[in-house]
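Student: Here it is, the structure in full.
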Amino acid sequence: MLHAVIPAGGSGTRLWPLSRAGNPKFLHPLTGSDRSLLQSTFDRLSELSSPEHRYVVTGTSHAAAVARQLPTLPESNILVEPSPRDSAAAIALAAAVIAEREPQALMGSFAADHLIADVDAFVETVRAAMTMAQDGLLMTIGITPTGADTSYGYLRRGEDMAAGSVLSEFKEKPDHVAAVEYVSSGNYLWNASMFVWRVDVFLAELGRQQPRLLDTVQQLAAAWHTPKRDELMGQLWPTLDKISVDYAVMEDAAAAGKVGVVPGDFGWNDIGDFDTLGSVLPADESGNVIIGKGETESDVVAVDARRNVIVPSSGRLVATVGTDDMIIVDTQDAVMVCPRDRAQEVKGLVDAIKDRGDVSLI
């Protein structure tokens, strides 16, 4: 049985003003159904793990919403971070808590905000990674590239193995020329930050590279079901470095030949911005994608408008004429409009609003 961990953090600034610090993207139904990204992630893990073996690592302000959205998840399996410390701390804490329960458990980590089209293929890929992880490899799942995308990191495959390969190297997000070279070679996969390993193997590697982090999460895990937990979290958690698990553990482990990779081809998308949503969600006959539309057809009126992404979440009518390839997001307290090809720059809007001191809007 896989112990499946769902890190659920971040505010999704490129999906502002829909996604906010207090109501981030993983809590929204951005899947083409009424299920949130978090609920969809939880659902597709049901073939691999029972609710008792699934965990969510999330922030204090999101814990109640997570519990409401996932009523079958045991309350004790919601691991609450007092403050965000990036993925290394979140994943290490989960591994240490799981190790207290089952010292050689198989653990998987799957982000809360990914879309996956072919769940059966996803499950098959994870099972292949589980088989290799049993032999002591730290496993990652790489996505078979569909193009020379510069918004993802890449994984360079090394020696072939039964179900995958030894991972030769992690690569940072490349420029376009390098991305074309990577994809053309056939030796690279996109880094989706999906991991599978035995917790004892991961914690041993964490101790080799990040001994202070290991000591901290083991102290916290030992006190997790005691009255001392909150006091220790308040003391120890803020002392941890903000660092991703890739940088903290996986890159050096790969250089030492300790990481394997299984390729995945299951319709994966990292929902990072509104343009991506417009590319993967169902569109009308004019190519317009309407997200979170209410119960009536009058929420949006689009005349001579094509390939727009429209989010009518204020309760008002959104009406547009002659707009093509635009993003229009209408919420109760903010309206955001930008061209789809500049969707990545929405984060800059959030920074500008923050600089103005309007923290209530972010």
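The values are calculated or read from the model by the stated rules, or taken from the named source; none is laboratory data. Keep in mind it's a predicted model, so treat the numbers as computed, not measured. Cβ coordinates were reconstructed from backbone atoms using ideal geometry, including for glycine residues, and neighbour counts include every protein chain displayed. What goes into the accessible areas is simple: the full protein's heavy atoms, side chains included, and nothing from ligands, DNA or RNA. Shrake-Rupley method; radii C 1.70, N 1.55, O 1.52, S 1.80 Å.
Student: Could you list, in sequence order, the residues of region 80-95 that are modelled with pLDDT under 95 and open to solvent by less than 30 Å² (accessible area, probe 1.4 Å)?
Tutor: Listed by number, the list holds a single entry, E81.
Student: Among the strands (runs of 3 or more DSSP E) lying completely within region 111-194, list those that include at least 2 residues that are under 19 Å from D265 (Cα atoms), open to solvent by less than 20 Å² (accessible area, probe 1.4 Å) and in contact with a Pro (Cβ under 6 Å, 6 or more places away or on another chain). Reasoning before the result, please.
Tutor: Working: elements: 114-116, 138-143, 154-160, 165-171.
Once the strands (runs of 3 or more DSSP E) in region 111-194 are filtered for at least 2 residues that are under 19 Å from D265 (Cα atoms), open to solvent by less than 20 Å² (accessible area, probe 1.4 Å) and in contact with a Pro (Cβ under 6 Å, 6 or more places away or on another chain), nothing remains.
Student: Kindly check whether there is at least one residue in region 86-102 that is out of contact with any Leu (no Cβ under 6 Å at 6 or more places or on another chain) and on the phi > 0 side of the Ramachandran plot.
Tutor: yes
Student: What pairs come up if the first residue lies in region 151-168 and is over 18 Å from A253 (Cα atoms), the second is open to solvent by 70 Å² or more (accessible area, probe 1.4 Å) and assigned to a loop (DSSP other than H, G, I, E, B), and their beta carbons are under 9 Å apart, counting only those six or more places apart or on different chains?
Tutor: Pairs found: S151/K173; Y152/K173.
Student: While we're looking at this one, here's another question. Within region 234-256, track down each residue that is more than 30 Å from T131 (Cβ to Cβ) and open to solvent by less than 10 Å² (accessible area, probe 1.4 Å). Full working, then the answer.
Tutor: From region 234-256, those more than 30 Å from T131 (Cβ to Cβ) are 234-242; that's our starting set.
Listed by number, the residues that qualify are W237, L240.
Student: Within region 217-240, is there a residue that is within 24 Å of the chain's Cα centre (by Cα) and assigned to a strand (DSSP E or B)?
Tutor: no
Student: OK, next. Counting residues that are open to solvent by less than 10 Å² (accessible area, probe 1.4 Å) and closer than 30 Å to A163 by Cβ, which strands (runs of 3 or more DSSP E) fully inside region 257-334 reach at least 3? Talk me through it step by step, then tell me what you get.
Tutor: Numbers: elements: 259-264, 268-270, 300-303, 309-312, 318-321, 326-330.
Counting at least 3 such residues, we get 259-264.
Student: Among the residues of region 12-57, write down those that are over 21 Å from D118 (Cβ atoms), buried (at least 21 other Cβ atoms within 10 Å of the Cβ) and polar (S, T, N, Q).
Tutor: Step one: filter region 12-57 for residues over 21 Å from D118 (Cβ atoms), giving 12-25, 27-28, 50-53, 55-57.
Those left that are additionally buried (at least 21 other Cβ atoms within 10 Å of the Cβ): 12-20, 24-25, 27-28, 53, 55-57.
Once the filter is applied, which keeps residues that are over 21 Å from D118 (Cβ atoms), buried (at least 21 other Cβ atoms within 10 Å of the Cβ) and polar (S, T, N, Q), region 12-57 yields T13, S19.
Student: Any idea how many residues of region 63-101 are in contact with a strand residue (DSSP E or B) (Cβ under 8 Å, 6 or more places away or on another chain) and more than 30 Å from P211 (Cβ to Cβ)?
Tutor: The total comes to 5.
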